[in-house]
């Protein structure tokens, strides 16, 4: 399993902060072994034209860690499309 963790290292808001800052935003996906090997241990960045920047880190986890992370996660803010893009294209692409 891969734990995808979302962060916003650059927030173009009035105070430079993201409303989800300080909370854990993780989504767990079960992938084929070859996909796990290609993705695990990497971070993927995406920048919008307005100055915001997202980072999705992908790390391999076992079942126990996956359950712990699911409990603590505040959700993925609707950015599941980034995970899909990483799995399909090995980068975050907007369609």
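The values are calculated or read from the model by the stated rules, or taken from the named source; none is laboratory data. Values in this document were obtained by computation on a predicted structure and should not be read as measured data. Note that each Cβ is placed from the backbone with ideal geometry, even for glycine, and that neighbours are counted across all protein chains shown.
Descriptive notes on the structure:
This table checks each residue for (1) surrounded by fewer than 16 Cβ atoms within 10 Å (Cβ to Cβ); (2) at positive phi; (3) out of contact with any strand residue (DSSP E or B) (no Cβ under 9 Å at 6 or more places or on another chain).
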residue	(1), (2), (3)
39	no, no, no
44	no, no, no
48	yes, no, no
54	no, no, no
58	no, no, no
62	yes, no, yes
72	yes, no, no
78	yes, yes, yes
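Results for (1) within 16 Å of residue 81 (Cα to Cα); (2) over 12 Å from the mean Cα position of the chain (by Cα); (3) touching a residue at least 40 places away in the same chain (Cβ under 8 Å), shown as yes or no for each residue.
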{"residue": "20", "(1), (2), (3)": "no, yes, yes"}
{"residue": "28", "(1), (2), (3)": "yes, no, yes"}
{"residue": "31", "(1), (2), (3)": "yes, yes, yes"}
{"residue": "37", "(1), (2), (3)": "no, yes, no"}
{"residue": "49", "(1), (2), (3)": "no, yes, no"}
{"residue": "60", "(1), (2), (3)": "no, yes, yes"}
{"residue": "64", "(1), (2), (3)": "no, yes, no"}
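- Counted residues, region 39-95 - those being within 27 Å of residue 13 (Cβ to Cβ) and in a loop (DSSP other than H, G, I, E, B): 17
- The single condition among (1) in contact with a helix residue (DSSP H, G or I) (Cβ under 8 Å, 6 or more places away or on another chain); (2) modelled with pLDDT of 95 or more; (3) surrounded by fewer than 16 Cβ atoms within 10 Å (Cβ to Cβ) that residue 31 does not satisfy is (3).
- Complete set of residues in region 6-38 that are in a loop (DSSP other than H, G, I, E, B) and closer than 21 Å to residue 73 by Cβ: 11, 17, 18, 19, 20, 21, 22, 23, 24, 25, 30, 31
- Going through (1) surrounded by 16 or more Cβ atoms within 10 Å (Cβ to Cβ); (2) in contact with a strand residue (DSSP E or B) (Cβ under 6 Å, 6 or more places away or on another chain) one by one, residue 85 falls short only on (2).
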